[in-house]
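Report on the structure given below.
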Amino acid sequence: MDDPSPWMLWRLLLPVFIAGCVHMVVVTCNMLPWLAVPLNARLFGSNKTWRGGVVVPLISTLVAPLCLADEVDNPWLLGAATGLGYMLGELPNSALKRGLGIAPGTLPVRRKGLFLFLDQADSGIGVALACGWALALDARQVLLLLVLFILSVPVIKLMLHSLGLKESRF
């Protein structure tokens, strides 16, 4: 990919954003309950489940060709990579919070702003790195993808909250 515009880079995020929203519908409606098993409750908490690890990459993989067929050579690979990057990107932050005794789905009183930022950025780091790998993007493009992800997430979470698919707005 030569030098994509910020708009084109943001569009690379669209499949994983759609997958994340579908995942919230799946969680809210308790679909696929047999997959709602924690990956490792002690390390990551009870909110990181096999359901998310399967649903997000799968939906991102299926949606990517619909969104990006004309923009990238292998949208299937990009969808799979970003979906997996999204889920894997959340795990180090979850492990850090569990290690500090912070309950799943909550923010600490001390350094609340830092953890709020980490909650927005963790999956974005995974997605940006996955895009960089799948499309051989340079460091500047990967960083711009991360910034676009972080700026988009609060809007998406607010939308999910207003639709009743997410408890908190953040």
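What follows is calculated from the coordinates using simple rules that are stated; it is not laboratory data. These numbers were taken from a predicted model, which means no experiment stands behind them. All Cβ positions, even for glycine, are placed from backbone atoms using ideal geometry, and neighbour counts span all protein chains on display.
So here's what we get for this one:
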read-out	value
In nm, spacing of pseudo-spin labels at Asp70 and Met159 (7 Å Cα→C-beta vector)	2.1 nm
Value of relative contact order over the chain, rounded to a whole percent, pairs C-alpha under 8 Å and six or more apart	24 percent
Alpha carbon Rg of the range 78-170, scaled by the compact-globule rule 2.2 N^0.38 Å	1.14
Table column - 3J(HN,Hα) (Hz), the range 35-50, Karplus curve with 6.51, -1.76, 1.60, x for Gly and Pro	9, 7, 9, x, 4, 6, 4, 5, 7, 10, x, 7, 7, 8, 10, 4
√(5λ) per eigenvalue of the Cα gyration tensor, the range 10-63, largest first, Å	21, 12, 9
Centroid-to-centroid separation of the range 1-65 and the range 137-170 [C-alpha atoms, Å]	13 Å
With eigenvalues of the C-alpha gyration tensor scaled by 5 and rooted, the range 120-170, Å	26, 9, 7
Rough spin-label spacing in nm, given labels placed 7 Å along Cα→Cβ, for Ala136 and Arg11	2.1 nm
Relative counts (whole %) of C-alpha pair distances in the chain, using bins that are 10 Å wide	11, 38, 37, 13, 1
Nearest-20 debye value, the range 6-162 charge dipole, Cβ charges on Lys, Arg, Asp, Glu	760 debye
Calculated FRET efficiency for the pair Asn30/Ile102, C-beta based, R₀ 22 Å, to 0.05	0.30
Ascending count of other beta-carbon atoms within 10 Å, so fewest first, for Ser152, Ser5, Ser60, Ser123	Ser5, Ser152, Ser123, Ser60
Label-point separation, Leu43 to Leu116 (7 Å along Cα→Cβ), nm	3.0 nm
